[in-house]
Every structure is written in C-alpha cells, then in structure tokens.
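Reviewing the structure listed below.
The values are calculated or read from the model by the stated rules, or taken from the named source; none is laboratory data. This is a predicted model, so every value here is computed, not measured. Cβ coordinates were reconstructed from backbone atoms using ideal geometry, including for glycine residues, and neighbour counts include every protein chain displayed. Only protein heavy atoms, including side chains, enter the accessible area calculation; ligands, DNA and RNA are left aside. Shrake-Rupley method; radii C 1.70, N 1.55, O 1.52, S 1.80 Å.
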Amino acid sequence: MTSTAIGDLPPDAYHDAPWARLLPWLAPYTPATARELTDLTPSPDWWITESPAVTTMTAEHDTLCRHLARLFVVRHPAAAFGASFPTVPRRLPVSTLTASSRVATAFQRLQVQTVTDLEPVTVRDLYDIRGTGQGTVEDAVAALISAAIVRPGELGEADDLGDHSEQPHRTLEAQLSPAHRQLIEDLAQLASWRRIRRQEDEPLVKVVIEEGAPEEIQEVALRLNSLTSADINSANGGSDPVLEFTALMSELDERQLRILRERFLGRPPRKLAELASDFSVTRERVRQIENRLKSLLAGRFHFGTSIGNLLASLRTEIQPIAALDRLTTLHPDLARDVPGANAPLWLVLDRLDDYFEVTDGWAAAPDVTAAREQTRILLEDFATEHGVVDLAAVAAATSMPNAELVAWLNWCGYALHNGQILTRTRSLSDHAAGLLAATGEPLHIDELQTQMGRDNSIRSLANQLADDERFVRTDRASWGLASWQLEEYTSIRQQIGLELAAAGGEIEIGRLIDSITSRFDVSPSSVQAYAGNGDYEIVQGTVRRRESPAAPRKAPAATRRLFRFDNDCWKFRITVTRDHLRGSGFPVPSGVANLVACAPGDVVELESDLGTQTVRWTGLQPSSGTIKRFLDRLGVREGQNVFLEFGPYGRFDVSVQHPINPEDHPLEQAAALTGCAEGVGNPEDAQLALALAVDLPADVKPRQILSTYRQRGDDDIAGLLEQVWTRPPSQRTAQAPGQLAGSIMAGEAPDLRETSDEPDPDRSSDEYDTVDADDVSEGMLDSASTEQDEEQVTSDKGWVPVPTGYRSVGWIRPHEAEAAVLAYQLHSDVPVQEDDRISGWARYVDENSVDASKFRANVMLARTRSQGEKSVCWIREHEAFSIIQAASEERSVAVLGPDDAPTGLVQHFPPDGETAERYRSPTRLLRRTT
C-alpha cells in the first residue's frame, strides 16, 4: 500500500480528469455491473461522473484504492499494467510506490526497477512469483492505482509529510533488504495470529537442520524453534471487540440502529414490511438501508481489527463444524452481551459473517445442512462395505475433540457401537449388517434387536435377515455376516436329516440330541420335537424318516376360527396386529395348510388380485406371507377382525368382518363371527349357517353344533350358543361334579368355560375347593382303564388342598412346560412329545393378539383327545421355567415374575407317589390371589 500520508493530501494533489481517463478499464462499468463500488461514496456512480479530486473529498484514499484493486485483480487478471495505468510516470522507481515489504520483495524477485519494467506485467505474472499471495497482489495494484490518481511530484511531497520522529527507525529499515524487512513483518504478523488463536506457547517456526551441522548453526535453529508470540511485542496491544462494536453503533442514526437490532440481530428478525410500516417507507428502502449497513460492518471489521481477528479465528475452528460451547471457551468474549444490541457477541458475529451460522448450539460453515453433507461425504470415504466407519480414523481426520465429534454424529442421527459409526441404518437389514460388522462376531437375534433399538418385532427382523444374502444363521437364533465364512446353521430339521444320512438312516434319539446340542445352541426338547414331526418319526427310541407322509395335525373343519361357506370356500378369522400392518408374515394353523395342500417342507403360492400369496410349512408350524397390501387397500386398523378367504382353484383374498350388533339374536351374532352374516335374517337361518360353517349336516341337532364349536376352541361362538341352547346360569351352577362328569360321558356339552385359567388372575381360591369339571373329564378320558370310580375322583381323600392365598391353575406336566418354553423361544406352536407320540401342543399367539392380552400369556397348553384338542391352561414363560426347575430339583419352588416379585408356586410331588400318579403329573401350578 502507499504511505500513510497519502490519505492527508489536499484535493488539488489529485487529478481532476475523469476516472475513466486515469484508469481506462473502469469505463465499461455501471452501478449495475460494479455493485461493490456503489456504496463507497454518496454518489453511486462516482467513477462515471466524478474525478479523483472530487471523490476523495467524501471517501478515504486507501479505501478507494483497496476496492478498486480488488476489482482489477478479480476481473482483469490478464491486463498489462502499462495500458491499465497510463498516467503513472514511467521512470518512477518502484521503491517509491509502496511501503509494503511484501510488494517490494515481489518486485525484487521479478527483477523490476521502474514502472517502465512493469508495463508488460499482469496480475497472473505476480501470482507466479514465489511466495506471492492475493494480499500481496492487491497491495501492488493498489499502489499503482494510488500513483495513477495523484498528480506527478505529489508522491515525494507526501513522504515528506510523515512523522519525522520515526526517521531513525526508517533509516535502520532502509539498511535492510526488502526480504529482511518482509521477514520481520511476517514474524510479527504470525505472532499476532498465534495470540488471536490463544496459542502463545506454540513455536512460531520450525527449522530442521541436518545432523552434523556446526554447533553455531544448531544453536540458531534452537533459538528459532523456541521463538513464540510472547517473545514479539504486539503491534496493537489487543483492543476490546465489544467496545469496538459499540463504537460503531454510536455512529449510526436511529433508523439504522433499529434495523440493526430488530432486523439484523433480531431473534427472530422482523420482516421488511413491518419495519417499512414503522418508518413510513417502502420495503425496498428498508432493504437498501440493510444492505448498506451490512457493507459498513463488513468493511469496518476487516482482519487486523479486534472483531476481524476474532472472525478469522472462528473460521479456522469451524471446519466445517464446531460446538458453540468450545468456541466460547476458546474466546470468552463471545459470551459477553453487546450493550445496546441486546445480543451476545457470538450472535452479532453470526449475523455479521456469512461464512458460518449457529444452529442448536453448533456453529457450521456455511450452515448445518452443508456441514452435515460434508460429514456424510467424509464418512463415505472411510466406510466399509457394510457402512461401518472407525471412529478413531474420523477423529484423526478432523480437528474436533473426540467427545464433540461423538455429540455431532449423534446430532446428525448416526448410530455408534463399539467405537464404530454406523452410516447405513435406514433399513432393518442395513442396520443389522452394520451392527454385526461393528461387533465382529455373531449376535443372538434378541441382542441384535435390543442393540438396534427399533420399533419392530423380532419375527420381522428374522424374516429380513433370512431373505438377505449378506447374512447367515450361525445358530438357532444367532446371525452373522456371510463374508465371515462361518458354518451356516440351516435348521434343526436339516441337521436331523444330515445326522440320519451319516448314521445310515436310523439313530437313537439320545445320540441325535447329544450330537446336535453339542454343536449348536438348541435345547434337547427342540431336537426331540422336530425328530417326531414332519418328515421324521420316533419309533421305540429310534429316529428315522417317516415311511408315509405325516397326517395333518388338524382337519380344516376342526380348526379354530376356520369356517366353510359357499361350498368349497373357507374363511379364517384373525385379529389384525401391528406386525400385520408392518408387513410381517405370521403363523397359521395346520388346518389352513391342509386346506391349501401345503405339506411339511412345502411352499404353496395362491393367486389374488394383488399378486401371489404364499403359505409355507418350512418350520414346525405353517405360516402365511404378508397381507399388508390387502390391509392397506381395505384401510384396516390394528385390532380389527378380518377374514383370510381361500377359494377354489388356489384363489386368495382378504375381507373385513362386519360389525356385530349386540341387539341381534345370539345365533345371528355367532353367525357373524363365522363370516356368514350376509343372508342370515333369522335364528333359523343362523343355525343352518353355523352348522355348514363347521362342515356339519344341515339337520344336525343344536347340541352337536355347540359341542363342535367348543371342541374346536371357538369359545366366543360357543358362549353365544350357550345363551340359547343351555339352561340358565342359576340352574347350571347347581349341577354337581358327578352330574357334570355324567354329562361329559354322555356326549353332552356342559355349561362350563375353560376352568384352568380364567381371564381374571385374582379369582378367589374358594372356587377350587373341589375338583372342577376339567379335572374330572381329564381323569375320565386319560385313564388307562375304561371305567373309573367317580366317588374316588371327587372324594376328600383324593383332593389335594390349595394353600391359602393361591388358586390352582392346573397339573402341568414337565414335558408340557418344556414345550411351552420352546414355543416362547420359537414364537410358534410346538408339539408335546410323550414317548413316541404327540400328546398335545403348546400353541403360541402373538403379543398383540386378543388372547394374549386377555390371559396375560402367549402360550396355551392343549392335550390331544379323540374328539380334538382340549385346552389345559394359558401359561406364562416364567411359570414354565419354574415347573421345569421344580421337576429337575424335585422340590416345590416359588414362581418369580419378570420383576422378581413372587407370582405363584409350583408344588412338587414324588413322581411315584399316589398324588402324581392320580393326576399324571408331579407338578401343580398355583397363582397368587393377592
């Protein structure tokens, strides 16, 4: 730049010729094409209408030269200096153009002595000089502009106007070469920057000297390397940024202050229309005042001022993000309130500088959206094939402290696990792949679900993993990545097939269980369940392939909630759960599989208006594919009942159950539950529809219809039928146990609901002081002999008292409890194996089903009878575990709930004792009544 005295020249020291004659490259510009010049003086087109002699009366010399230099450098990089500055004397030594040591060094390296030598030089040529940056180039051009607008001979006179007190210092500087002067200037500026960055103790330079250099040279390097900013005096002493800003505010008029406070610093900023109304001006006028105010702020607080230095430091820290707390710790002035502005200094700088923006405690460049995108790009560069990024690698690539980096990643929505960043978590499978890759070993599906923390069922997660080739099942319920090349666990069924093939077609059940459970995390009861089901059978303790296909578990007509209508069409009623709405598959009874000719191991595809619908039997229990598309079309909500419709020729559809009118006749309500509400206009039609729905003849007696629905387990329908076809409750309660037993043996349907486990868990134990009808019927039907003394069953001698404070749930056999535990683990039905036959089932229902909510359990134990299945009770998982514990330890144990609170008792009786033989079980489950 020119010497400091240039700004004090009188008007007659400047050329009175138009600007365009002195600087020809200004001629094409208008206020529309050179907006950066319009606000420098009151006249927006001063370079067109004025001369330097007039313009310098209202604008500072240095400010004009600096802005014109920036315009020339940016827009005329290839213009030769000779033609661009024609009025500068050609014999003028370049040393008189500027007092900047940086420009002097650049001219020295360019080997120019006078302005004549500069005629062919361009801005690009200056940039090519070693060590020359934009600031040096702008200084050189500003010096030429200064010389062009001042009359010849005034430059020397201006030098004489300087402070003569500094002459000895200048004489000393004159003895130094330009490079020496530049070195001193650069060290002083570097020291100032270290102080701004609060790095006073860090060395200014680092000098590396070869080994074996003379000791004197090594000492020079040591002195240079130990030089810090504290060793160099500050040129400005450090001003107060808050006072600096308030000083500017004192120069503003009232209107500018209001725009500054309410528009520029407002939280939220006031609208232009509101301020225009207050000032009685147009919105455009308010915008003009705001723009001039911004230009004033930006021009005033350049680097070298206290606020400009603070902004420069903030820009260095925000690369591209920094926590506001860390910035205020580094620069405490940021947290100070600015008097008159009603805002802290950090907000003032946020609005002052377009480089960064503060949002939700984060300072981002230029804003959090762009910073988040830069973060995403950075993480992609480090990500593995599963989208996993090592946190330590990212921390090393950024300047953010580790804790701040973690907080920012969490703010951006990234999940972190085991020191790894998971960048792909949008889908279930991507999230699972990333979590497994971050863990480095297979995970149980329950652990995987917990770590993911997503609102989905375990079943839907398992389905996603099974359909994705990136995953392999490494155990019964554990999953890993296929890229790990671990031994894949297929299924217990296939493992049994491999064992049979290796053993020659037959293997002892004990040997089979030991072989599979020693290699995989499966229970013995699971192996036994699969070994006696589907393609395999157990004969006299030996497992072999079944010679003929296994019979279906249950016929369609005997399947609960499955009803026939319109000849060969069937409807299966389900209650819609959250899993259905999410698109998960779900289990269906074997009667449904039998209906569509789906045998164990098969997959059947049905046709529908919405594409193929699958029913598969690849596990212990058949299952249906998703019906979400049907539910979406019908607009079904969670908790509604729908019918799965199976038509002839493999057709499938879904329909909504019509609402039941409680004012209708009970038979009509029952018919509606079967999906036959349409066309039923009276009780007689309803009775006929109810009979046909369970494949009974049209002329069947009501007693047989009721008995069929009760045996199927359709308690809701049977309850409605009982209201019509049985005696009033007052007569039914007077019936003696012996009479009940007689009714059962006679084939009549007793007026009794499932007594093993009522919906109300707090029922009094007084109701169990005598043997109930279920115990009587169970004893009659399960007895090895065809006759049993009724008096012996109901006598006081045979009755086992229930302790006070408990009620009896039932005599649950240990192997039934094992099946119940397995059903909870597999989320599917599990057969109860007794010797070589299936003696019952542990029936699993979904967590969101009506039955699960009603009985507070997900598994119902049922025993196989000649007439069908007989419900024993609904059992909870911790109760089943307690029964197994009591049987293995041969003692009574307390039942503890999930919160370790006592909820019941399992009584244990000697297996060879009279009580255990009488009830065919050594364990009885009791629940607390208080």
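Assorted remarks:
- Meets criteria (in a loop (DSSP other than H, G, I, E, B), among the charged types (D, E, K, R) and either open to solvent by 40 Å² or more (accessible area, probe 1.4 Å) or not assigned by the TED database to the domain that holds residue 482 (or both)) for residue 454: yes
- Flag if residue 96 is buried (at least 17 other Cβ atoms within 10 Å of the Cβ) and either at pLDDT 85 or above or over 18 Å from residue 28 (Cβ atoms) (or both): yes
- Of all residues in the range 459-485 being surrounded by fewer than 16 Cβ atoms within 10 Å (Cβ to Cβ) and over 25 Å from the mean Cα position of the chain (by Cα), the one that is nearest to residue 533 (Cα to Cα): 485
- Given (1) within 29 Å of residue 469 (Cα to Cα); (2) crowded, with 19+ Cβ neighbours inside 10 Å, number of the condition residue 384 does not satisfy: (2)
- Considering 640, 657, 669, 621, the condition of being under 24 Å from residue 851 (Cβ atoms) and in contact with a Gly (Cβ under 9 Å, 6 or more places away or on another chain) is satisfied by 657 alone.
- Taken as a whole, the structure places residue 299 among residues that are open to solvent by 30 Å² or more (accessible area, probe 1.4 Å), farther than 24 Å from residue 401 by Cα and not hydroxyl-bearing (Ser, Thr, Tyr).
- For residue 429, the criteria (1) in contact (Cβ under 8 Å) with a residue 40 or more places away in the chain; (2) of a type in the set (Ser, Thr, Tyr); (3) open to solvent by 30 Å² or more (accessible area, probe 1.4 Å) hold in every case but one, which is (3).
- Of the numbered criteria (1) part of a loop (DSSP other than H, G, I, E, B); (2) over 44 Å from the mean Cα position of the chain (by Cα), the one residue 687 fails is (1).
- Some residue of the range 914-929 being of a type in the set (Val, Ile, Thr), touching a residue at least 60 places away in the same chain (Cβ under 8 Å) and assigned to a strand (DSSP E or B): yes
- Residues located in the range 331-347, provided they are in a helix (DSSP H, G or I) and within 35 Å of the chain's Cα centre (by Cα): 334, 335, 346, 347
Residues are listed down the side, and each one gets a yes or a no for (1) in contact with a Pro (Cβ under 7 Å, 6 or more places away or on another chain); (2) of a type outside the set (Gly, Ala, Ser); (3) part of a helix (DSSP H, G or I):
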{"residue": "371", "(1), (2), (3)": "yes, no, yes"}
{"residue": "375", "(1), (2), (3)": "no, yes, yes"}
{"residue": "395", "(1), (2), (3)": "no, no, yes"}
{"residue": "409", "(1), (2), (3)": "no, yes, yes"}
{"residue": "413", "(1), (2), (3)": "no, no, no"}
{"residue": "437", "(1), (2), (3)": "no, no, yes"}
{"residue": "449", "(1), (2), (3)": "no, yes, yes"}
{"residue": "459", "(1), (2), (3)": "no, yes, yes"}
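- When the residues of the range 132-158 are filtered to those that are open to solvent by 20 Å² or more (accessible area, probe 1.4 Å) and more than 19 Å from residue 70 (Cα to Cα), the one that is modelled with the lowest pLDDT is 157.
- Answer residue from the range 311-344, given it is open to solvent by 60 Å² or more (accessible area, probe 1.4 Å) and of a type in the set (Asp, Glu) and is farthest from residue 193 (Cα to Cα) among those: 337
- Within the set 308, 361, the sole residue that is buried (at least 17 other Cβ atoms within 10 Å of the Cβ) and over 16 Å from residue 265 (Cα atoms) turns out to be 308.
- Hey, residue 561 in contact with a Phe, Trp or Tyr (Cβ under 7 Å, 6 or more places away or on another chain), open to solvent by 40 Å² or more (accessible area, probe 1.4 Å) and either acidic (Asp, Glu) or closer than 19 Å to residue 871 by Cβ (or both) or not: yes
- Residue within the range 232-242 that is assigned to a helix (DSSP H, G or I), open to solvent by less than 50 Å² (accessible area, probe 1.4 Å) and under 30 Å from residue 360 (Cα atoms) present: yes
- Residue in the range 465-488 that is at pLDDT 80 or above, part of a loop (DSSP other than H, G, I, E, B), over 30 Å from residue 646 (Cβ atoms) and of a type in the set (Ser, Thr, Tyr) present: yes
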